[in-house]
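Structure first, commentary second.
What follows is calculated from the coordinates using simple rules that are stated; it is not laboratory data. If you're wondering where the values come from, they're calculated on a predicted model, not measured in any experiment. Backbone-built Cβ (ideal geometry, glycine too); neighbour counts: all protein chains shown.
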Amino acid sequence: MTISTETTGPSIAGEVYLADVRRKPRRSGRRRGPGSAAERTPLAVSIVKWVLLGALALIMLVPMYILLISAFKPQADIVLHPLLITPDMFTFDYLWNAITSEKFNVVGAYGITLLFVALVNFFCIVLSAPVAYVIARGRTRWHVALLVVFVSGLFIPGQVTLIPVVFVLRVLGLINTIPGFILFETAATLPVTIFLFAAYLRTVPRDIDEAAALDGASRMRAFWSCIFPIMRPVVATIIVLNSIGVWNDFVSPQIILGPGSGVYTVTTGVYAAVGEYSTDYTVLFPTLLLAIAPAVIFFIIMQRHIIGGLAAGATKG
């Protein structure tokens, strides 16, 4: 009995074709139009995002707007028309009175606060940079534990430590003194500074240390001469953060320095300019504007250094 190849070949090919067709999923002939759910979802998410951002912007900008326009308006217009300002209301007299006020010496407060900012930044960087270098270059668990000890200071509110600090400074004879305040502010800025410095130094190659050691430099000489100049982005970030923190601090100078010391920062000077039983808004708002204007301008100018310094230690260099 013989089998014809002419009939067997096509039947096998047909079976293979049918099996292949069955394995392939059926494609729907419908195409998604421009109004499909897949395209509507990103648009809805974008709308919600911008609505939330706009609401947050209003919450932050409206108080700033009220502060700004109220510094140039009389008392009655501040109370009756808090969101409105017209050319008839606008005047520089109240701002000038705040600058020349006997209760709040703006020039003196600026000078004292800038002195505090400069000293705190200097001592903070000088003390924290070598510590962060040792932690970043360390290979044992003790270095990690040391970093955790410093970083744990970020979780303790500064107001909680004020009472123990007052007792310690009183024992040391530094209460109501400028050195005592500088010591406290420097210690308060060490945790975040060491954390950012250590994160940045871990991205710096160890080859630089080895090259400096081959040239005969000690570890500290290698750090200050070769490593520290590379840290300019994160140093700029630390300076901005510490400067704004010291400038805006009110509780610490009010308690540590105290009214009896006769030393007023910008924030404590504003508090001293406010009346005890009544509030004159033509004094309060111009004084507040003078207090926050340098910090806002400084932040706007230096904000790119904050982002650049934080991002510099986020990737391996």
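What the table shows:
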quantity	calculated
Contact order normalised by residue count of the range 196-279, Cα under 8 Å, 6+ apart, percent	21 percent
Hull volume in cubic angstrom per residue (convex hull over the Cα atoms of the range 119-188)	97 Å³
Additional length obtainable on full extension of the chain from CYS226 to PHE167, 0.36 nm per residue less Cα span	17.1 nm
Rounded to whole Hz, the Karplus (6.51, -1.76, 1.60) HN-Hα couplings of the range 85-94, x for glycine and proline	9, 10, x, 5, 7, 5, 7, 8, 4, 5
Nearest-0.05 FRET efficiency for ASN97 and LYS49, computed from C-beta distance (R0 45 Å)	0.50
Potential extension, VAL144-MET89 segment - 0.36 nm per residue separation minus Cα distance	13.8 nm
Chymotrypsin sites (Phe, Trp or Tyr not before Pro) within the range 88-193: DSSP coil, no more than 15 neighbouring Cβ in 10 Å	PHE90, PHE92
Cβ-based charge dipole, the range 104-312, positive-most Cα from TRP247, LEU196, PHE123	LEU196
Rough spin-label spacing in nm, given labels placed 7 Å along Cα→Cβ, for ILE208 and LEU80	6.4 nm
Rg to Rh, two decimals, where the range 33-155 supplies the alpha carbon set and Rh follows Kirkwood	1.24
Footprinting exposure proxy for LYS49, LYS103 (fewest neighbouring C-beta atoms within 10 Å first)	LYS49, LYS103
Pair ILE297, VAL134: separation of 7 Å Cα→Cβ label points (nm)	4.1 nm
Karplus (6.51, -1.76, 1.60) ³J(HN,Hα), θ = phi - 60°, over the range 58-73, in Hz, Gly and Pro reported as x	5, 4, 7, 8, 4, x, 5, 5, 5, 4, 5, 6, 6, 6, 10, 10
Estimated distance in nm for a label pair at ALA57 and ARG219, the labels positioned 7 Å out from Cα along Cα-to-Cβ	5.0 nm
